[in-house]
Amino acid sequence: MKKIYKIMLGSLFCFALIMASNVSMIGFAQRQDTSEISIEGIWEGKLKIPGGELRVVFKISKNPDGTLTATLDSPDQGATDIPIEEVIFKDNTLLLEVKSVGAVFEGKVSEDFLVIEGDLKQSGQTLSLTVNRVDKAVEILRPQVPKKPYPYIEKKVAYTNLKAGVKLVGTLTLPSDKSVFPVVLLITGSGPQDRNETVFGHRPFLVLTDYLTRQGIAVLRVDDRGVGESTGYFSQATSEDFASDVLAGVEYLKTCKEI
């Protein structure tokens, strides 16, 4: 009986070792998986301010060279894709600096990479901010933005500024395909602009295009050179270069049978 008892103790001891080993391996696997989780993704939280709350969204991604890049959305203020100039992630601490609005966020990332708790500093004030990882950022509703399907024809077009060797890509809208229409070529303002002249989530050229086309006027809007689908280099272009891009658009419209 004693012999059996000793064998049972030995078996229990071996079982305990195996269980401890398994637990250790599971713990190692969990730590291994956690270490492979990236800071990249969408992080959303609410900033408590006097009189209410403001939603804050950080979108973090990785460049081809491995460096991090990020943007800031403030949905309740109608601001989107504000560049975050400084993005540093080290020792599970995230530092984001938004120089355009004079704000700095610094927070500690949880072990499971689902929550970041920290502070947002701006204009001499420090406010607590906790952001959570989400699958999709909150959608900012723009009631003035037209919704498809449109009651007119919309088609993607492309033409070349032969003088500069630049391909310009844009959108041409036509009231219908059964007549010839007057046309407006929209020209963007200063700074690199896409065909919708998108700024802080607003798309004024899309709204203007929708209105004019519904009134029987064809509209051509184009990505600036070096922006969107257009080729070339915006930063190296002069006012004369931009003027030649516009003239290339005029020449293209002359070839359209609907105009």
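The values are calculated or read from the model by the stated rules, or taken from the named source; none is laboratory data. Keep in mind that what you see is a predicted model, and the values were worked out from it rather than measured. Glycine also receives a Cβ, built like all others from the backbone with ideal geometry; neighbour counts cover every protein chain displayed.
Step by step: first the residues of region 92-110, then only those that are modelled with pLDDT of 95 or more and among the charged types (D, E, K, R), then the one that is nearest to Ala70 (Cα to Cα). Which residue is that? Residue satisfying both the conditions and the ranking: Glu97.
Here's the yes/no breakdown for (1) in contact with an Asp or Glu (Cβ under 7 Å, 6 or more places away or on another chain); (2) of a type in the set (A, V, I, L, M); (3) in contact (Cβ under 8 Å) with a residue 12 or more places away in the chain:
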{"residue": "Thr171", "(1), (2), (3)": "yes, no, yes"}
{"residue": "Val183", "(1), (2), (3)": "no, yes, yes"}
{"residue": "Ile187", "(1), (2), (3)": "no, yes, yes"}
{"residue": "Leu220", "(1), (2), (3)": "no, yes, yes"}
{"residue": "Asp223", "(1), (2), (3)": "yes, no, yes"}
{"residue": "Gly249", "(1), (2), (3)": "no, no, yes"}
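From the list Val87, Val131, the lone residue that is at pLDDT 95 or above, closer than 26 Å to Thr198 by Cβ and touching a Gly at 6+ places or on another chain (Cβ under 8 Å) is Val131. Here the condition is being loosely packed, with under 14 Cβ neighbours inside 10 Å and charged (D, E, K, R); of Glu106, Glu44, Glu139, Glu97, it holds for Glu139 alone. For region 225-236, a residue qualifies if it is farther than 24 Å from Ile153 by Cβ and touching a residue at least 60 places away in the same chain (Cβ under 8 Å), and the qualifying residues are Arg225, Thr231, Gly232.
Within region 216-233, can one find any residue that is closer than 14 Å to Pro192 by Cβ, more than 24 Å from the chain's Cα centre (by Cα), aliphatic (A, V, I, L, M) and surrounded by 16 or more Cβ atoms within 10 Å (Cβ to Cβ)?
no
Yes/no matrix, rows are residues, columns are (1) over 30 Å from Gly118 (Cα atoms); (2) of a type outside the set (A, V, I, L, M); (3) modelled with pLDDT of 95 or more:
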| site | (1), (2), (3) |
| --- | --- |
| Ala137 | no, no, no |
| Gln144 | yes, yes, no |
| Lys148 | yes, yes, no |
| Tyr152 | yes, yes, yes |
| Gly165 | yes, yes, yes |
| Leu185 | yes, no, yes |
| Gly191 | yes, yes, no |
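Flag: Lys147 does not match the condition of being surrounded by fewer than 17 Cβ atoms within 10 Å (Cβ to Cβ), in a loop (DSSP other than H, G, I, E, B), in the same structural domain as Ser179 (by TED's automatic domain parsing) and of a type outside the set (A, V, I, L, M, F, W, C). The sole residue among Ile116, Ile82, Ile88 that is hydrophobic (A, V, I, L, M, F, W, C), touching a strand residue (DSSP E or B) at 6+ places or on another chain (Cβ under 9 Å) and more than 15 Å from Ile39 (Cα to Cα) is Ile82.
Could you tell me which residue of region 85-141 is farthest from Arg55 (Cα to Cα), considering only residues that are of a type in the set (Ser, Thr, Tyr) and assigned to a strand (DSSP E or B)?
The qualifying residue farthest from Arg55 (Cα to Cα) is Thr93.
Quick check on my filter: what residues within region 195-215 are at pLDDT 95 or above, surrounded by fewer than 19 Cβ atoms within 10 Å (Cβ to Cβ) and of a type in the set (S, T, N, Q)? Gln215, the sole residue that qualifies.
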